[in-house]
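S.K.: Provided herewith is a single structure, encoded as structure tokens, for subsequent inquiry.
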Ligand code: 13P
């Protein structure tokens, strides 16, 4: 089964609107001459404040899609500071990142909240990018697999197989995020294959074959080729290296050197 790769840039809490404008201009210039049928699906996830601007700038361009970095699961109401799926759809988002370790760690997001968000995103016709990952302590104490498996089971609980098949998972070991310490590709592939197996347990094998599972954590132009040559890694969720058009574009073009 061939799964279309995804290269997604998570801009996190960076970029004023003027900076988002130059970054997206640089990315658009970099992908302009690439052959769409050979390209990965390119996604950018700006902050809420830059979504509208970036949405306008990529409007009508089928080579690039828009993601938000978070949402609330309710459709409207008295939830000060929150943003609903419908509002993000209205701005042109196709994807919403949920369960990023920074949200779990600093904003106390639980597996139950992430599951509610996944359901609300899919009900609204958008697609979730569901993040999971272990701390260094969990890795060193040998509980990585059981921790990740339980995050995935909880996030996908109650979803139909067709909704699971359309969803995206990102495996981001927390100790590899923003540290420059990329997870060894063979090990990242092993965990991602384990995740695919958990998906199969909660759905079926064709769903597990369809779902795209990305790796995230210090992905750079120099690491992507090896990562994309692995059997189960379907793309990357990129933080720091997605904040410069040159490095993000190089990641995209380097990823295309690997036949999928
Ligand atoms: P870095 O690429 O900066 O390590 O960030 C990864 C990440 O958290 C993407 O969501």
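The values are calculated or read from the model by the stated rules, or taken from the named source; none is laboratory data. Predicted model only: the values in this text are computed from it and were never measured. Methodologically, a virtual Cβ is constructed for each residue, glycine included, from the backbone with ideal geometry; neighbour enumeration extends over all protein chains shown.
S.K.: Could you go through the stretch 43-51 and let me know if any residue there is free of Cβ contacts under 8 Å to residues at least 40 places away in the same chain and part of a loop (DSSP other than H, G, I, E, B).
M.R.: Yes, that holds for at least one residue.
S.K.: Next up: Restricting the stretch 99-114 to residues that are without any contact (Cβ under 8 Å) to a residue 40 or more places away in the chain and outside any helix (DSSP H, G or I), which is surrounded by the fewest Cβ atoms within 10 Å (Cβ to Cβ)?
M.R.: Filtering first and then ranking leaves 108.
S.K.: When you scan the stretch 162-183, how many residues do you find that are touching a strand residue (DSSP E or B) at 6+ places or on another chain (Cβ under 6 Å) and near the ligand (Cβ under 10 Å from one of its atoms)?
M.R.: Going through the stretch 162-183 one residue at a time, the tally reaches 2.
S.K.: What's the total number of residues in the stretch 1-15 that are out of contact with any strand residue (DSSP E or B) (no Cβ under 6 Å at 6 or more places or on another chain) and more than 16 Å from the ligand (Cβ to nearest atom)?
M.R.: 2
Table: residues versus (1) under 15 Å from the mean Cα position of the chain (by Cα); (2) surrounded by fewer than 21 Cβ atoms within 10 Å (Cβ to Cβ); (3) closer than 20 Å to residue 235 by Cβ.
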position	(1), (2), (3)
132	yes, no, yes
140	no, yes, no
171	yes, no, yes
180	no, yes, no
183	no, no, yes
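S.K.: Filter the stretch 167-191 down to residues that are part of a helix (DSSP H, G or I) and under 18 Å from residue 101 (Cβ atoms), then give me how many there are.
M.R.: Residues in the stretch 167-191 being part of a helix (DSSP H, G or I) and under 18 Å from residue 101 (Cβ atoms): 6 in total.
S.K.: Looking only at the stretch 100-155, count every residue that is more than 14 Å from the ligand (Cβ to nearest atom), within 19 Å of residue 218 (Cβ to Cβ) and in contact with a strand residue (DSSP E or B) (Cβ under 7 Å, 6 or more places away or on another chain) and tell me the total.
M.R.: 1
S.K.: For the stretch 228-244, give me each residue that is over 30 Å from residue 16 (Cα atoms) and either near the ligand (Cβ under 8 Å from one of its atoms) or assigned to a loop (DSSP other than H, G, I, E, B) (or both).
M.R.: Answer for the stretch 228-244, where residues must be over 30 Å from residue 16 (Cα atoms) and either near the ligand (Cβ under 8 Å from one of its atoms) or assigned to a loop (DSSP other than H, G, I, E, B) (or both): 229, 230, 231, 232, 233, 234.
S.K.: Something else: Let me confirm something: among 164, 152, which residue is closer than 26 Å to residue 240 by Cα and either in a helix (DSSP H, G or I) or at pLDDT 95 or above (or both)?
M.R.: Criteria check complete, one pass: 152.
S.K.: Just to verify a result, which residue in the stretch 201-224, among those that are closer than 16 Å to residue 151 by Cβ and either at pLDDT below 95 or touching a strand residue (DSSP E or B) at 6+ places or on another chain (Cβ under 9 Å) (or both), is farthest from the ligand (Cβ to nearest atom)?
M.R.: 211
S.K.: Which of the residues belonging to the stretch 73-92 are touching a helix residue (DSSP H, G or I) at 6+ places or on another chain (Cβ under 7 Å) and on the phi < 0 side of the Ramachandran plot?
M.R.: Matches in the stretch 73-92: 73, 75, 83, 85, 91.
S.K.: Continuing with this model, one more query. Go through the stretch 172-215 residue by residue and tally those that are closer than 20 Å to residue 11 by Cβ and in contact with a helix residue (DSSP H, G or I) (Cβ under 8 Å, 6 or more places away or on another chain).
M.R.: 6
S.K.: Here is a follow-up. Just checking, which of 84, 50, 18 is exposed (fewer than 14 other Cβ atoms within 10 Å of the Cβ) and more than 16 Å from the ligand (Cβ to nearest atom)?
M.R.: Checking each option against the conditions leaves just 18.
S.K.: While we're looking at this one, here's another question. Which of the residues belonging to the stretch 62-75 are out of contact with any strand residue (DSSP E or B) (no Cβ under 6 Å at 6 or more places or on another chain) and either exposed (fewer than 13 other Cβ atoms within 10 Å of the Cβ) or at pLDDT below 95 (or both)?
M.R.: Within the stretch 62-75, just 62 meets the criteria.
S.K.: If a residue has to be part of a helix (DSSP H, G or I) and buried (at least 17 other Cβ atoms within 10 Å of the Cβ) to count, how many in the stretch 214-225 make the cut?
M.R.: Final tally of qualifying residues: 1.
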